[in-house]
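Down below is the structure, laid out as structure tokens.
The values are calculated or read from the model by the stated rules, or taken from the named source; none is laboratory data. Bear in mind that the values here come from a model prediction, so they are computed numbers and not experimental data. Glycine gets a Cβ as well: all are built from the backbone with ideal geometry, and neighbour counts include every protein chain shown. When the accessible area is computed, the model is the full protein with side chains, heavy atoms only, and any ligands, DNA or RNA have been set aside. Shrake-Rupley method; radii C 1.70, N 1.55, O 1.52, S 1.80 Å.
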Amino acid sequence: MPELPEIETIRRDLTPLVVGRTLERVRILPGAERLAVTHPPRELERLLGGRLIGGTARHGKYLLLALDDGRHWVIHLRMTGSLVHERAAGGRAAAPAGARYERARASLDDGSALSLRDVRKFATWHLVAEPREAFPRAGPDALSEGFSARWLGRALARRSVAVKSALLDQAVAAGVGNIYADEACWRAGIDPRTPANRLGRRRVARLHAAVGEALHASLADRGSSFSDYRDGLGAEGMHTVRVQVFRREGQPCRRCGAIIVKRRVGGRGTHLCPGCQRR
């Protein structure tokens, strides 16, 4: 699933390409109707068509496009979605309409287009007056000032689940998913199976710093492409080769040399180093 670094990379890619552009035509393709959450598919196409994109933002894993009528087009790519800008005919790296797994397409007034591609068809579109309507239970964005060590400590103190499971709760750290929860726990030297409410203040502070470090490291590499993720220009993220524990089971830890193992935590595959992430 694209997480915070991947969605932020897409946002940065698309901002200079779509802000100030008008959505000439929006199509939700047959079989992808459940993409439309807040309105029936044909109505959502009609309401988006003709609107000018005034700005972009992000909260957690949600991409926000501000429209000229005051509403917000909120896009969540879920497990296998990508949103790729295709240049106008004759431009560099143009891609044809009808790309593999394309589920929706928004044509812009400069001849370019946004192509939503999604293998499993779980992505969602909301058209709302306020972005929060699309994610009412989300906590602070994991790279925002609201996500402080104090906030994290209070959130974890109320949860007896494993710290990995607590980090995956979007009410705790919006934008953190399976990849960066594993990476943050490794950076903090914390066993992800530790009960969240058993972390003391110093370990909470280490974990808070580690979340930011893991997210920024991936952002610098334009995200991680372990499966279907592509950036806003259709390229893979490069952080895949620089993760410390995620999907590195059987390989040596780059910090202590112990062999990375994979365990199940809260039903999720979890990667850790038994040498430097002791309970």
Set Glu43, Glu8: member being farther than 21 Å from Asp68 by Cα, of a type in the set (Asp, Glu), assigned to a helix (DSSP H, G or I) and modelled with pLDDT of 95 or more = Glu8
query = Quick check: anything in segment 150-163 within 18 Å of Leu77 (Cα to Cα) and not aromatic (Phe, Trp, Tyr)?
reply = no
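Yes/no per residue for (1) open to solvent by 50 Å² or more (accessible area, probe 1.4 Å); (2) farther than 24 Å from Leu152 by Cβ; (3) without any contact (Cβ under 8 Å) to a residue 40 or more places away in the chain; (4) in contact with a Lys or Arg (Cβ under 9 Å, 6 or more places away or on another chain):
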| site | (1), (2), (3), (4) |
| --- | --- |
| Arg202 | yes, no, yes, no |
| Arg206 | yes, no, yes, yes |
| Gly250 | yes, yes, yes, yes |
| Leu272 | no, no, no, yes |
| Gly275 | no, yes, yes, yes |
| Arg279 | yes, no, no, yes |
inquiry  = Among the residues of segment 116-133, are any among the hydrophobic types (A, V, I, L, M, F, W, C), open to solvent by less than 60 Å² (accessible area, probe 1.4 Å), over 25 Å from Leu233 (Cβ atoms) and not in a strand (DSSP E or B)?
reply    = yes
task = Report the residue count in segment 58-74 for those that are under 17 Å from Phe147 (Cα atoms), open to solvent by 20 Å² or more (accessible area, probe 1.4 Å) and not basic (Lys, Arg).
result = 2
ask   = If you scan segment 51-66, which residues turn out to be in a strand (DSSP E or B), closer than 23 Å to Gly111 by Cα and in contact (Cβ under 8 Å) with a residue 24 or more places away in the chain?
value = Leu52, Ile53, Gly54, Gly55, Thr56, Leu63, Leu64, Leu65
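Would you call Arg193 in a loop (DSSP other than H, G, I, E, B), over 27 Å from Ile10 (Cβ atoms) and open to solvent by less than 60 Å² (accessible area, probe 1.4 Å)?
Working: in a loop (DSSP other than H, G, I, E, B): yes; over 27 Å from Ile10 (Cβ atoms): yes; open to solvent by less than 60 Å² (accessible area, probe 1.4 Å): no.
Answer is no for this residue.
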task = State whether the residues of segment 255-276 include one that is modelled with pLDDT of 95 or more and closer than 30 Å to Ala113 by Cα.
result = no
query = Out of all the residues in segment 67-81, which are of a type outside the set (Val, Ile, Thr), under 16 Å from the mean Cα position of the chain (by Cα) and not in a strand (DSSP E or B)?
reply = Leu77, Arg78, Met79
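In segment 13-37, what residues are in contact with a helix residue (DSSP H, G or I) (Cβ under 7 Å, 6 or more places away or on another chain) and either surrounded by fewer than 16 Cβ atoms within 10 Å (Cβ to Cβ) or not β-branched (Val, Ile, Thr) (or both)?
First, the residues of segment 13-37 that are in contact with a helix residue (DSSP H, G or I) (Cβ under 7 Å, 6 or more places away or on another chain): 23, 26-28, 33, 36.
Residues satisfying the conditions are Leu23, Arg27, Glu33, Ala36.
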message = One residue is enough: does segment 11-30 have a residue meeting the conditions in contact (Cβ under 8 Å) with a residue 60 or more places away in the chain, farther than 22 Å from Asp109 by Cβ and in contact with a strand residue (DSSP E or B) (Cβ under 6 Å, 6 or more places away or on another chain)?
response = no
